[in-house]
Amino acid sequence: MGAGHPHPLYRPGDSPVHHLPAQAKIAGALACVLAVVATPREVVWAFGVHLLVLLVVWAVAGIPVRWFATRSVIELPFVVLAVLLPFSGGTPRVQVLGASLSVAGLYAAWNILAKGTLGVLVSLTLAGSTPLRDLVVGLQRLRTPAMVTTIATLMLRYLDVIAGEARRMRIARISRGHDPRFLHQVAATARGAGSLFIRSYERGERVHLAMLSRGWAGALPSAGAPATRAQWTAALLPAAAMAATTAIAWTVR
Amino acid sequence: MTASGAVGRTTAALRVCGLRFAYPDGRAALAGVDLRVEHGERVALLGPNGAGKTTLALHLNGVLTPTAGTVEVGGVPVVRTNLREVRRRVGLVFQDPDDQLFMPTVAEDVAFGPANFGLRGPALGTRVAEALAAVGMSEHAGRSPLHLSGGQRRRVALATVLACEPDILVLDEPSSNLEPVARRELAETLLALDRTMLMITHDLPYAAQLCPRSVILDDGAVVADGPTRELLADAALLAKHRLELPWGFTPGGCTP
């Protein structure tokens, strides 16, 4: 997953949103999610305003709404939970389309749906406009512990190497007639996975030696440029709008 | 680097005295190795598998600590307090380029070493550009190492070490797994670098082409040390240490 290998959640583009430094975008996304979560659930129009802010960001970034629709599928388990809640809540109850639904359950379901959907959409906006490498650099500039960013950076490189090894082992297995159709035949695949783990561990030790030999002293050298005040302002603008909406919603509820 | 320059060329680039090393389980890997390499020399380290060549190389930049004996790099002893300086002076290129190319792009890999030694900003960018130009990989600076061929990865691995501007270059099997053209291009690159070089190799013609002096290591000790051409002409010596010239190659046949 290097420079020429974008991850499936990234949509290449040339918009102002794409050009913002990652650390500003990560902070902005986090602030947006916090504003959404803090919104009182009874004030339904506030969530509409949040969505409007997101739509404006998408328009600036040049990412179509359809792109988000297909990738929001990750939310499905929570949607199922939300749909079931109104049926299981207590009194008071209200009649909707012939079914007796609990009011508290309805509000809880709306809470999950609205905040979950908006959270997922904010994350997708961040992922869609930021390549994986820049995300890790942004985290590094935000003073995430060095261990986390080092592991993430190495993972970017070695996930593909390990996947390649696994592919070669699989080809070697099927070339020798291995054709696992039943559970009892997966022993060979499982042992392959075990030996892949050991090989990766040994490779990790060799990589550690190579890093030591080039003077590594515990933290990867910091990459990326600091963000200017204008860029920080631009990145925090949507979050500010959402925070204002949330504040107004609290005063009028 | 300035220290050794001021002293002049009387200090050896590399001095190994009585180096002994045993693995934790007691197995002796090195049994008293003595070696002296002068500045600008290119030395090949030959020997059968298991002789201790890679173990010796790992002692040169302080990765392994000897159980007895000393290693000095340009007069600086290799001890824990000097490790940073030693690692700046000794550039070790490992056998598997995938073990050394661990950053997402080529440029970042080459920048990793000099950045660790304190270089920043435009100076870092120039150093990276020079290192990539020295191995002829400038146009691949923004690519992931995954998309490079084996020979290209070896050259980038060499660039990552060259960027640290070491005094001594230690190469572990540089020509293994290379196609003939890549092998020749690497040889041309190495010859163009005017640095002290210690090359561990099984490839006797490569050693003959690149290194005027050879050292044969067997069972953890130096058994021969002399001009490459003489060593390769001594068939009995080669046979005693499981070395053989490849089919059709005669040491006197090709003149460098």
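Below is a table of values for the structure above.
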item: Flag for A:A163 being within 14 Å of chain B (Cβ to nearest Cβ) and assigned to a helix (DSSP H, G or I); result: yes
item: Residue check, B:G47 buried (at least 22 other Cβ atoms within 10 Å of the Cβ) and either among the polar types (S, T, N, Q) or in contact with a Gly (Cβ under 7 Å, 6 or more places away or on another chain) (or both); result: no
item: Any hit, the range A:165-178, residues being touching a strand residue (DSSP E or B) at 6+ places or on another chain (Cβ under 9 Å) and among the polar types (S, T, N, Q); result: no
item: Residue check, B:T70 over 21 Å from B:C211 (Cα atoms) and among the hydroxyl-bearing types (S, T, Y); result: yes
item: A:T233 vs. criteria within 30 Å of A:V122 (Cα to Cα), modelled with pLDDT of 90 or more, in a helix (DSSP H, G or I) and hydroxyl-bearing (S, T, Y); result: yes
item: Given (1) of a type outside the set (D, E); (2) in contact (Cβ under 8 Å) with a residue 40 or more places away in the chain; (3) in contact with a Lys or Arg (Cβ under 7 Å, 6 or more places away or on another chain), index of the condition A:V122 fails; result: (3)
item: Pick from the range A:173-201, criterion at pLDDT 80 or above and of a type in the set (D, E, K, R), ranking: surrounded by the most Cβ atoms within 10 Å (Cβ to Cβ); result: A:R173
item: Residue list for the range B:166-189, restricted to those being in contact (Cβ under 8 Å) with a residue 60 or more places away in the chain and outside any strand (DSSP E or B); result: B:P166, B:D167, B:E173, B:P174, B:S176
item: Segments classed as helices (runs of 4 or more DSSP H), wholly inside the range A:32-138, with at least 1 members that are modelled with pLDDT of 90 or more and closer than 17 Å to A:T246 by Cβ; result: A:44-61, A:103-129
item: Residue within the range B:206-215 that is more than 22 Å from B:C17 (Cα to Cα), free of Cβ contacts under 8 Å to residues at least 40 places away in the same chain and of a type in the set (G, A, S) present; result: no
item: Cβ pairs under 6 Å, 6+ apart, first in the range B:228-249 and at pLDDT 90 or above, second of a type in the set (D, E) and not in a loop (DSSP other than H, G, I, E, B); result: B:H241/B:D218
item: Selection count where residues are more than 14 Å from chain A (Cβ to nearest Cβ) and not acidic (D, E), scope the range B:121-140; result: 9
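The values are calculated or read from the model by the stated rules, or taken from the named source; none is laboratory data. Please read these numbers as outputs of a predicted model, since none were measured by experiment. Virtual Cβ from ideal backbone geometry, glycine too; neighbours counted across all protein chains shown.
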